[in-house]
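K.L.:
This structure is in structure tokens; I'll ask about it shortly.
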Amino acid sequence: MARRILVTGGAGYIGSHTVLQLLLAEFTVSVVDNLDNASEAAIDRVTELAGKHGKNLTFHKIDLRDRDELKKLFASTKFDAVVHFAGLKAVGESVQKPMLYYNNNITGTVVLLETMAEHGCKKLVFSSSATVYGWPKEVPCTEEFPLCATNPYGRTKLFIEEICRDIYKSDSDWNMILLRYFNPVGAHPSGKIGEDPCGIPNNLMPFVQQVAVGRRPALTVFGNDYKTKDGTGVRDYIHVVDLAEGHIAALKKIFEGSSGGCEVYNLGTGKGTSVLEMVKAFEKASGKKIPLVMAERRPGDSETVYSSTKKAEKELKWKAKYGIEEMCRDQWNWASKNPWGYGKPDSVQ
Ligand code: NAD
Ligand code: UD1
């Protein structure tokens with residue numbers, strides 16, 4: 001029988017791409033999402049893209065903190081594993097509203113983990129972030145680097161990682177994989193699903209995309225005085241479909257394992273790209289000029305962050321396939337076909 005995976009936050013950007021890859025890999029998938037930062041249209045499009053596998057997807061509009069609803073779901077369905085994306089992710093907002101982030105991300109995760117344990121489901125893949133490396137002393141970042149957090153969002157990732165390690169120490173039946181994502185960009189090559197942030201985008205590529213379709217006048221470049229090739233920040237951008245595949249590899253490792261564990265892996269490409277290089281690649285892919293406004297460094301930003309991919313390559317047998325050309329091509333394909341994301345012009349800022 002096909003394995004059944006619960007995907008929290010499965011209507012969101014990375015979640016929707018992962019759900020599609022899971023369906024294509026013949027898993028049965030239940031999505032739980034409160035649609036706080038997502039649209040149910042993403043679920044419809046994933047169902048359509050999955051073709052004959054689309055029937056293996058069910059959607060439940062539930063907030064993870066709603067213990068009763070979550071319990072009902074676990075009581076009615078036996079899950080073999082959980083892939084946990086659900087969470088809030090805007091760094092600036094987390095500084096303004098820390099309790100919103102602690103409540104949503106940490107309480108949501110604690111309720112989920114308790115409900116899983118009560119129902120004997122002890123296999124988890126969790127979305128952590130390269131943000132836990134802060135401003136690294138050197139690059140590439142390996143999984144053994146010291147961890148830190150510079151804002152409440154980052155602290156929720158760090159705390160959840162620690163919670164997982166503590167749970168495993170207390171009960172070695174758990175099998176958990178914590179994935180530290182670098183910078184996910186791009187979209188499914190079909191152009192049917194992609195990133196559709198609510199409000200003003202915080203991240204580079206969603207902002208660039210909105211400039212290209214005429215929703216914003218110019219990109220503000222945060223800092224051009226870093227000690228990098230062109231003075232702008234350097235990051236490890238990874239195609240969201242590669243990232244989605246990383247989750248399949250993590251689940252395979254969990255299901256193949258005969259014992260429990262709590263392991264952490266970087267998911268990145270191992271390559272650093274500057275803001276200006278990324279803008280240039282997007283201009284080439286889209287044929288659009290992106291006007292730039294140079295500005296001060298953004299507080300909390302690091303200079304250069306990119307991953308060591310060795311551990312994931314060796315132990316997950318996973319490696320990113322796509323480069324920035326494909327990332328920009330697919331992001332533009334999505335943006336040009338869906339300039340207002342899943343929404344209508346009057347429902348977006
Ligand atoms: P996203 O906002 O598109 O997806 C998160 C989903 O979780 C949304 O659909 C939202 O509606 C849902 N959600 C939030 N709180 C919930 C709750 N309490 N109950 C149920 N559903 C809830 O974000 P994404 O980019 O797809 O990120 C997915 C995960 O990966 C997040 O945990 C994020 O912190 C992490 N991550 C993202 C990035 C990135 O750059 N996108 C980088 C590193 C880590
Ligand atoms: C940011 C978050 C990080 C989070 C990650 C994924 C901060 C300080 N860090 O990381 O915690 O895990 O997103 O959600 O917010 N840039 C511009 N103009 C823009 C936007 C970004 O120049 O309008 C630059 C940034 O300065 C940076 C690069 O583009 O050099 C990438 O930025 P971004 O996409 O926000 O990702 P991170 O900074 O890596």
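K.L.:
Using r as the Cβ-Cβ distance of Asp166 and Lys289, and R0 as 45 Å, what FRET efficiency do you calculate, to the nearest 0.05?
P.N.:
0.30
K.L.:
Whenever you get a sec, compute what percent of the accessible area on the chain sits on carbon and sulfur atoms (1.4 Å probe).
P.N.:
Carbon-and-sulfur percentage of accessible area, whole number: 50.
K.L.:
For the chain, what is the mean residue ellipticity at 222 nm derived from helices alone (per DSSP H run of n ≥ 4: -39500 (n - 2.57); sum divided by total residues; nearest 500 deg cm²/dmol)?
P.N.:
About -11000 deg cm²/dmol.
K.L.:
Count the DSSP beta bridges whose two residues both fall in the chain, then state the antiparallel fraction as a percent rounded to the nearest 5.
P.N.:
5 percent
K.L.:
Please compute the per residue accessible area over segment 188-270 with all protein chains in place, 1.4 Å probe, rounded to a whole number of Å².
P.N.:
Per residue, segment 188-270 has an accessible area of 35 Å².
K.L.:
Viscosity 1.567 mPa s, temperature 4 °C: what is the translational diffusion coefficient of segment 247-300 from Stokes-Einstein with a Kirkwood Rh over Cα pairs, rounded to a whole number of µm²/s?
P.N.:
83 µm²/s
K.L.:
In terms of modelled amide H atoms, which long-range or inter-chain residues lie less than 5 Å from the amide H of Val31?
P.N.:
Hits under the 5 Å cutoff: Val7, Thr58, Phe59, His60.
K.L.:
Given Ile238, Trp334, Thr156, which one lies farthest toward the positive end of the charge dipole of the chain, if we put +1 on the Cβ of every Lys and Arg and -1 on the Cβ of every Asp and Glu?
P.N.:
Trp334
K.L.:
Which of the three applies to segment 255-349, rounded, prolate or oblate, going by the alpha-carbon gyration tensor with a ≥ b ≥ c and a/c under 1.5 meaning rounded?
P.N.:
Here segment 255-349 falls in the prolate category.
K.L.:
Okay, moving on. For segment 203-293, just say rounded, prolate or oblate: build the C-alpha gyration tensor, square-root its eigenvalues into a ≥ b ≥ c, call rounded for a/c under 1.5, and beyond that prolate if a/b exceeds b/c, oblate if not.
P.N.:
prolate
K.L.:
Could you compute the FRET efficiency for Asp66 and Asp225, with r as their C-beta to C-beta distance and R0 at 41 Å, rounded to 0.05?
P.N.:
Approximately 0.30, to the nearest 0.05.
K.L.:
PRE reach from Leu35 (point 7 Å along Cα→Cβ): which of segment 1-29 fall under 13 Å by backbone N?
P.N.:
Label zone hits: 11-12.
K.L.:
Using amide H atoms built in the peptide plane, which far-off residues or other-chain residues are under 5 Å from Ile238 H to H?
P.N.:
Amide H neighbours of Ile238, under 5 Å, 5+ apart: Asn183, Val185.
K.L.:
If you take the beta carbon distance between Thr58 and Arg297 as r and set R0 to 41 Å, what does 1/(1 + (r/R0)^6) give as a FRET efficiency, to the nearest 0.05?
P.N.:
0.35
K.L.:
If I stretch the segment between Tyr102 and Lys314 completely, what's the gain in nm (0.36 nm per residue apart, minus their alpha carbon distance), one decimal?
P.N.:
72.9 nm
K.L.:
Given the peptides 109-118, 331-340, 255-264, arrange them by the average over their residues of other C-beta atoms within 10 Å, most packed first.
P.N.:
Averaged packing, sorted descending, gives the order 331-340, 109-118, 255-264.
K.L.:
Nearest 20 debye, what's the magnitude of the dipole of segment 121-277 about its Cα centre given +1 on Lys and Arg Cβ and -1 on Asp and Glu Cβ?
P.N.:
Around 280 debye, computed over segment 121-277.
K.L.:
Highest first, please rank the peptides 216-224, 193-201 by the mean number of other Cβ atoms sitting within 10 Å of their residues.
P.N.:
193-201, 216-224
K.L.:
Can you compute the radius of gyration and Dmax for segment 1-115, using only the Cα atoms, both in Å?
P.N.:
My reading of the Cα-based Rg and Dmax gives 14.1, 47 Å.
K.L.:
Could you tell me how many degrees, from 0 to 90 and to the nearest 10, lie between the Cα long axis of helix 324-337 and the main elongation axis, the longest principal axis, of the Cα atoms of the chain?
P.N.:
90 degrees
K.L.:
To the nearest 20 debye, what charge dipole does the chain have about its Cα centre, counting +1 at the Cβ of each Lys and Arg and -1 at the Cβ of each Asp and Glu?
P.N.:
540 debye
K.L.:
Work the Kirkwood hydrodynamic radius out for the chain: mean of 1/r over every pair of different alpha-carbon atoms, inverted, in Å.
P.N.:
Final number for the Kirkwood radius of the chain is 20.4 Å.
The values are calculated or read from the model by the stated rules, or taken from the named source; none is laboratory data. The model shown is predicted, which means the values in this text are computed figures rather than measured ones. Quick reminder, even Gly has a Cβ in these numbers, built from the backbone with ideal geometry, and neighbours come from all protein chains shown. Heads up: the accessible areas ignore ligands, DNA and RNA and are worked out on the full protein's heavy atoms, side chains in. Shrake-Rupley method; radii C 1.70, N 1.55, O 1.52, S 1.80 Å.
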